[in-house]
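Reading through the structure tokens given below for one structure.
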Amino acid sequence: MTVGTVDRQLRDRAARVLPGGMYGHQNAKLLSPDHPQFFARGSGARVWDADGTEYVDLMCSWGPIVLGHQHEGVQRAVRAQMEKAECLNGPTDVLVELSELLVDTVAHARWALFAKNGTDATTTAVTIARAATGRDKILVAKGAYHGSAPWCTPGPAGVTAEDRVNVVKFEYNDLDSVRAAVAEAGAGNVAAIVVCPLRHDTFRDQELVEPAFAIGLRAICDTIGAALVLDEVRAGLRLDLAGSWESHGVRPDLSAWSKAIANGHALACVLGTDALREAASSIYVTGSFWMAATSMAAAVATISAIRDDDGIASMHRAGSRLRDGLEAQAKSHGFDVRCSGPAQLPFLTFAGDTDFALAREWAAGCARNGVYLHPTHNWFIGAAHTDADIDRALDGTDAAFAALAGADRAA
Ligand code: PMP
């Protein structure tokens, strides 16, 4: 099986008017001929591709869909705001309401600054840290993704050495390597350490943060007078509404958010402490659509719903059911797999599958059996995933393991 007629026609047309037919990480050519490029609609935990094929959605639009597609409360808030205004000469009252909600919800936050994408948020956080400290250097973990701006994009094309000259790398979960990076940069030159709540780099098993690492980073930042920036873009609102390192007792100076914040509507934000309030007001950042009101109304509805309906517990339950099922299936089909990361951000790799060939074939089998997931990037669970959705997904993953086992035996 390959993708349907409508998808193929759209790909042909796109090849003429889009660079590479589709740019960036959503290029379906990175997956398999069984993965669709184009989607038509979503509802709850299900999506339909352009040819009308239904999938249980285990990618949640790469994270934004935290409450399910077309969540009624969020969509109602969006429609009500759209009736009034989307884009005016200045912000609406929703800007203040959302800022208050975030300051009340996220433990370290005393103010909020909004943008559109995760890259805006991480880049703005770095700018604020530099404005606050008057320093240049930024420490980031090797292999971590913080966005597609020249200072952090993993793709070297079009990027100059000068764009990166102030970025120094360390190893995630390795404090000695952080100390070495500080020494390389010069302690008095470090504006910020930027770090994700867990190691969720592509092409490898996920790795939870060691509490001592989080605590140690906080201590190093305090000692050298640098800002600790927590990049919550991918994990934020799925692990702990108060902040992903709250259970470790570690609060950042700045945090960057996007993806799940407005259940699929375009919004990002930087949250910060009182000590960085002045620096945040000193920098010049803005965008034509950064004050657009509907996504802010969506964010108020999204965060309130996760809080009021205990969405994180729902995601944890659904993700655990999925992981238990996958581990049992892999065993019964004779595969040695590793499920890594928190239940809400699942991922599966095959032991010894260094080129991800098995993972790709299995993911293609999942797509053929109505389950949309990714072979090399972590997946996402949403609060809309019911037991029935997970069981339906497990039917598909089981069929994909069976097909892979059959192919293995035939080979
Ligand atoms: N930081 C992290 C941890 C991310 O996962 C991403 C997006 N995958 C970004 C930053 C950049 O976000 P965006 O693609 O919205 O610019």
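Angle between the Cα long axis of helix 387-410 and the longest principal axis of the chain, 0 to 90 degrees, nearest 10? That works out to roughly 60 degrees.
Between residue 355 and residue 207, the modelled label-to-label distance comes to 2.5 nm, taking each label 7 Å out from Cα in the direction of the beta carbon. Mean silhouette area of the chain, derived from the convex hull of its C-alpha atoms and averaged over all directions, reads 20.5 nm². Annotation: lysines with alpha-carbon distance below 24 angstrom to residue 142 (same-chain offsets under eight excluded): 169, 259. Compute the whole-percent fraction of alpha carbon pairs in region 83-151 spaced more than 19 Å apart. Value for region 83-151 (Cα pairs over 19 Å): 53 percent. Here the chain is treated with +1 on each Lys and Arg Cβ and -1 on each Asp and Glu Cβ, and its dipole about the Cα centre works out to around 720 debye.
What would the Debye formula give as log10 I(q)/I(0) at q = 0.15, 0.18 Å⁻¹ for the alpha-carbon point model of region 87-291, no solvent? So the normalised log intensities work out to -0.91, -1.34.
Can you give me the distance in nm between label points at residue 110 and residue 93, each placed 7 Å from the Cα along the Cα-to-Cβ direction? In this crude spin-label approximation the distance works out to 2.8 nm.
Ranking 247, 153, 73 by how far each Cα lies toward the positive end of the dipole of the chain (charges on Cβ) leaves 153 at the top. Bridgeable aspartates and glutamates around residue 137 (alpha carbons under 13 Å apart, same-chain partners fewer than 8 residues away excluded): 162, 163, 184. Put a dot 7 Å past the Cα of residue 59, heading toward its Cβ, do the same for residue 286, and the two dots end up 3.6 nm apart.
Phi-derived couplings, Karplus 6.51 cos²θ - 1.76 cosθ + 1.60 at θ = phi - 60°, listed residue by residue for region 28-40: 5, 5, 6, 9, 8, x, 8, 8, x, 8, 10, 10, 10 Hz, with x used for Gly and Pro.
For region 171-320, just say rounded, prolate or oblate: build the C-alpha gyration tensor, square-root its eigenvalues into a ≥ b ≥ c, call rounded for a/c under 1.5, and beyond that prolate if a/b exceeds b/c, oblate if not. Cα axes put region 171-320 in the oblate bin. The chymotrypsin sites (Phe, Trp or Tyr not before Pro) of region 1-95 that meet both conditions, a loop assignment by DSSP and at most 11 other Cβ atoms within 10 Å of the site Cβ, are 23. Counted over the chain, the DSSP beta bridges are approximately 55% antiparallel. With helices as the sole contributors, the chain gives -13000 deg cm²/dmol at 222 nm; each DSSP H run of n ≥ 4 counts as -39500 (n - 2.57), and the sum is divided by every residue.
Sites listed here are trypsin sites (Lys or Arg not before Pro) in region 174-248 whose DSSP assignment is loop and whose Cβ has at most 16 other Cβ atoms within 10 Å: 204. Against the chain, whose longest principal axis comes from its Cα atoms, helix 311-332 is set at around 40 degrees. Angle check, please: helix 357-368 long axis (alpha carbons) against the longest principal axis of the chain (alpha carbons), in degrees 0 to 90, nearest 10. So the helix axis and the longest Cα principal axis differ by about 70 degrees.
We did not get these values from a lab; they are worked out from the coordinates using the rules stated. This is a predicted model, so every value here is computed, not measured. Cβ sites come from the backbone with ideal geometry, for glycine too, and all protein chains shown count toward neighbours.
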